[in-house]
Amino acid sequence: MSERMFESIYREIFPFWEKISDTDREYICQNSYDVTYPKGQNIHDGSECSGVIIVRSGSLRLYIMSEEGKDITLYRLHKGDLCMLSASCVLSAVTFEVFVDAEEDSQCCLISGPVFAAVSDRNPDVRIFALETAVSRFSDVMWVLQQILFMSLDKRLAIFLYDEAVRTGSDTIALTHGQIARYMGSAREVVSRMLKYFGSEGIVKVSRGGVIILDKKRLRKLTL
């Protein structure tokens with residue numbers, strides 16, 4: 001991808017773009033990369049500053065992992081979303097390890113972390129944007145923790161299915177029980193039992209390839 005194409009993308013995404021110097025804009029574009037991550041690839045393992053990631057197509061999953069290998073999904077990124085937590089050198093206050101995997105084949109723009117950090121140090125508008133982006137994602141993280149700690153599984157599952165249907169614009173959720181469980185921070189067997197219960201109530205239809213929502217009104221009531 002040419003520097004001109006990177007600049008076109010960044011002008012749409014970054015509110016600070018016109019406020020920084022031509023030199024800094026050029027510096028960012030020269031240190032940007034068009035990267036395709038295959039499904040299942042680990043993009044960021046928390047050990048270094050991978051950089052700022054912008055999703056052009058596909059889907060990424062951000063998660064934390066315990067010493068025993070259990071992971072909890074914090075949130076997912078889709079087309080047009082930006083990942084700032086993978087650039088620890090930009091946000092030095094973020095001291096916990098965040099992992100990023102490609103959930104499907106994903107095409108992304110990757111901005112060098114040290115380069116973005118250097119521009120951020122010179123420009124308060126860039127620094128403010130990075131912090132505001134991180135804070136907005138922390139609200140997503142707190143929502144996940146609130147669900148895990150304080151909500152019943154049936155409500156959590158109903159929220160996940162309903163939100164996924166709204167996001168995709170389809171009543172067919174093309175995810176396996178294992179994927180749903182991973183996104184919810186639960187066990188596959190537990191999610192399967194709850195899906196079976198939803199199926200017996202006529203709320204969903206469960207198949208090997210996914211879940212079909214049959215009664216969205218009743219599903220919505222379970223989320224309240």
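Please work through the chain and write down the cysteines that have no neighbouring cysteine Cβ at a distance under 4.7 Å.
Cysteines lacking a close Cβ partner in the chain: Cys29, Cys83, Cys108, Cys109.
Rounded to the nearest 0.05, what FRET efficiency do Asp22 and Ser57 give with R0 = 35 Å and r taken as the Cβ-Cβ distance? Could you check?
Here the calculated transfer efficiency is 0.75.
Starting from the 7 Å offset along Cα-to-Cβ, what nm value, one decimal, do you get for the label separation of Arg4 and Ser200?
Spacing of the two 7 Å Cα→Cβ label points: 6.4 nm.
Can you compute the FRET efficiency between Arg188 and Asp34 using 1/(1 + (r/R0)^6), with r the Cβ-Cβ distance and R0 = 35 Å? Round to the nearest 0.05.
That gives a FRET efficiency of 0.50.
First select every other residue whose beta carbon is under 13 angstrom from the beta carbon of Met194; then total the charges, Lys and Arg +1, Asp and Glu -1.
So the environment of Met194 carries a net charge of +2.
As an exercise, take the mean of 1/r over every pair of distinct alpha carbons in the stretch 147-195, invert it, and state the Kirkwood radius in angstroms.
Result for the stretch 147-195, one decimal place: 11.0 Å.
Based on the alpha-carbon gyration tensor of the stretch 30-94 and its eigenvalue square roots a ≥ b ≥ c, which shape applies: rounded if a/c is under 1.5, prolate if not and a/b is larger than b/c, or oblate?
oblate
Provide Rg over Rh for the stretch 74-224; use the alpha carbon set for both Rg and the Kirkwood Rh (inverse mean inverse pair distance).
1.05
How much net charge surrounds Val166 when only other residues with a Cβ under 13 Å from its Cβ are counted (Lys, Arg +1; Asp, Glu -1)?
Here the charged neighbours net out to 0.
Hey, what number do you get for the chain at 222 nm if only DSSP H runs of n ≥ 4 count, each worth -39500 (n - 2.57), divided across all residues, to the nearest 500?
-14500 deg cm²/dmol
Strictly over 21 Å apart at the Cα level, which of Lys39/Lys79; Lys196/Lys217; Lys19/Lys79; Lys196/Lys221; Lys79/Lys217 would you flag in this model?
Lys19/Lys79; Lys79/Lys217
Can you list the aspartates and glutamates whose alpha carbon is less than 16 Å from that of Lys216, not counting same-chain residues fewer than 8 positions off?
Reachable aspartates and glutamates: Asp154, Asp163, Glu164, Asp171, Glu201.
Calculate, for the chain, the solvent-accessible area per residue in square angstrom, rolling a 1.4 angstrom probe over the heavy atoms of the protein chains.
Counting only protein heavy atoms, the per-residue value for the chain is 52 Å².
Report the calculated FRET efficiency for Leu145 and Asn123 (r = Cβ-Cβ distance, R0 = 45 Å), to the nearest 0.05.
About 0.85, to the nearest 0.05.
Order the peptides 109-120, 152-163 from the highest to the lowest mean number of other Cβ atoms within 10 Å of their residues.
109-120, 152-163
Roll a 1.4 angstrom probe over the protein heavy atoms and tell me the percent of accessible area of the chain that is carbon or sulfur.
Summing carbon and sulfur atoms, their accessible area is 51 percent of the total for the chain.
Cα to Cα, under 14 Å, and not fewer than 8 places away if on the same chain: which aspartates and glutamates meet these conditions relative to Lys70?
Correct list for Lys70: Glu97.
The values are calculated or read from the model by the stated rules, or taken from the named source; none is laboratory data. Quantities reported herein were computed from a predicted structural model and do not represent experimental measurements. All Cβ positions, glycine included, derive from the backbone under ideal geometry; neighbour counts span all protein chains shown. Ligands, DNA and RNA are excluded from the accessible area calculation, which covers all protein heavy atoms including side chains. Shrake-Rupley method; radii C 1.70, N 1.55, O 1.52, S 1.80 Å.
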